[in-house]
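Below you'll find the structure, written out as structure tokens, and then a few comments.
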Amino acid sequence: MAQDHLPKIIPLFPLPATVLFPQTYLPLHIFETRYREMVEDALNDSAEAARMIGMVLLKENWEKDYYGGPPIHPIGCVGRIMQVHRLNDGRYNLVLFGLDPFRVKKQFYDKSYRRGWIEAARPSGQAAAALPDPLRSDLIRSLQGYAQLRGWENQINTLLDMRLDDERLVQLLSSELDTTPIEKQFLLESEDLVQQCRRLIDLLGFMTDEHRSRKEANRPWNIGD
């Protein structure tokens, strides 16, 4: 989706532990009444925001005002509804496909759910920019080092055999690696794909060091060590 064609007003779906990335899929189970209404409106909207939902991350301490309007991180990702199944009791199972990051300029509370006036979070054309070859190589080395510690070599080799383009590889890793929600948000807020890749490499390095230290701490000591 071209970033200059992002809808101006979009439903916002804030969650405490979910970050959507471009070029990735996200399954959702919708059960709250207000968000059922959000899905119905998105499906019936004939304007530019048809079948689109803006996924945003709730800030800390969201529990105090969950049914009101707890603060959100200002950067989110537009998701297009690709699959929808309405259950007999009115709940929905959805699959979203991530389009582009956006910045919330203003929030509206005129419906049971909140909506946002949004703008593109990355300059047009930067989201799909290619990585310099050395940077992609650094990412793969960092990924393989972490995978070896976790025993994930087969899964990572299968992923790399798919020969994904730079955008798809970075976004998929950002989405699927076992980072925290706030770390994922940090990745999503990158200015461009190159910065996102560098941040991802830094996180992989941190997780590798942390996991190695944990393994060393749990290693049985011998008298001769």
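The values are calculated or read from the model by the stated rules, or taken from the named source; none is laboratory data. Everything numeric here is computed off the predicted structure, so don't read it as measured data. Here the Cβ is made from the backbone with ideal geometry for all residues, glycine too, and neighbour counts use every protein chain on show.
Any residue in the stretch 132-151 that is in contact with a Gly (Cβ under 7 Å, 6 or more places away or on another chain), within 24 Å of Arg198 (Cβ to Cβ) and not in a helix (DSSP H, G or I)?
No; the residues of the stretch 132-151 include none that is in contact with a Gly (Cβ under 7 Å, 6 or more places away or on another chain), within 24 Å of Arg198 (Cβ to Cβ) and not in a helix (DSSP H, G or I).
Check the stretch 185-199 and report whether any residue there is outside the structural domain of Ala42 (by TED's automatic domain parsing), of a type in the set (A, V, I, L, M), in contact with a helix residue (DSSP H, G or I) (Cβ under 6 Å, 6 or more places away or on another chain) and more than 14 Å from Phe21 (Cα to Cα).
Looking through the stretch 185-199, none of the residues is outside the structural domain of Ala42 (by TED's automatic domain parsing), of a type in the set (A, V, I, L, M), in contact with a helix residue (DSSP H, G or I) (Cβ under 6 Å, 6 or more places away or on another chain) and more than 14 Å from Phe21 (Cα to Cα).
So, Asp41, is that one in contact (Cβ under 8 Å) with a residue 24 or more places away in the chain and in the same structural domain as Thr180 (by TED's automatic domain parsing) or not?
Criteria not met by Asp41.
Matching residues to (1) polar (S, T, N, Q); (2) surrounded by 13 or more Cβ atoms within 10 Å (Cβ to Cβ); (3) not assigned by TED's automatic domain parsing to the domain that holds Ile182:
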{"position": "Glu37", "(1), (2), (3)": "no, yes, yes"}
{"position": "Lys59", "(1), (2), (3)": "no, yes, yes"}
{"position": "Tyr66", "(1), (2), (3)": "no, no, yes"}
{"position": "Gln83", "(1), (2), (3)": "yes, no, yes"}
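Tell me, yes or no, whether the stretch 66-82 has at least one residue that is farther than 22 Å from Lys184 by Cβ and of a type in the set (D, E, K, R).
Scanning the stretch 66-82 turns up no residue that is farther than 22 Å from Lys184 by Cβ and of a type in the set (D, E, K, R).
Being more than 20 Å from Pro16 (Cβ to Cβ) and at pLDDT below 95 narrows it down to one of Asp138, Asp178, Asp161, so name that one.
Asp161
Output the residue which, of all residues in the stretch 184-198 that are over 16 Å from Val56 (Cβ atoms) and not hydrophobic (A, V, I, L, M, F, W, C), is surrounded by the fewest Cβ atoms within 10 Å (Cβ to Cβ).
Selected residue: Glu191.
Looking for something exposed (fewer than 12 other Cβ atoms within 10 Å of the Cβ), touching a residue at least 12 places away in the same chain (Cβ under 8 Å) and aromatic (Phe, Trp, Tyr) - is there at least one such residue anywhere in the stretch 103-110?
Yes, the stretch 103-110 contains at least one residue that is exposed (fewer than 12 other Cβ atoms within 10 Å of the Cβ), touching a residue at least 12 places away in the same chain (Cβ under 8 Å) and aromatic (Phe, Trp, Tyr).
Restricting attention to the stretch 63-102, which residues are free of Cβ contacts under 8 Å to residues at least 12 places away in the same chain and either under 16 Å from the mean Cα position of the chain (by Cα) or closer than 15 Å to Leu26 by Cα (or both)?
Residue satisfying the conditions is His85 alone.
Considering (1) surrounded by fewer than 16 Cβ atoms within 10 Å (Cβ to Cβ); (2) on the phi < 0 side of the Ramachandran plot, say which one Gly90 fails and leave the rest.
Unmet for Gly90, out of (1) surrounded by fewer than 16 Cβ atoms within 10 Å (Cβ to Cβ); (2) on the phi < 0 side of the Ramachandran plot: (2).
May I ask you to say which residue of Asp41, Asp100, Asp110 is charged (D, E, K, R), farther than 24 Å from Arg122 by Cβ and not in a helix (DSSP H, G or I)?
Result: Asp110 is the single residue among Asp41, Asp100, Asp110 that is charged (D, E, K, R), farther than 24 Å from Arg122 by Cβ and not in a helix (DSSP H, G or I).
Which numbered condition in (1) farther than 30 Å from Phe31 by Cβ; (2) surrounded by fewer than 15 Cβ atoms within 10 Å (Cβ to Cβ); (3) in contact (Cβ under 8 Å) with a residue 60 or more places away in the chain is the only one that Glu167 fails?
(2)
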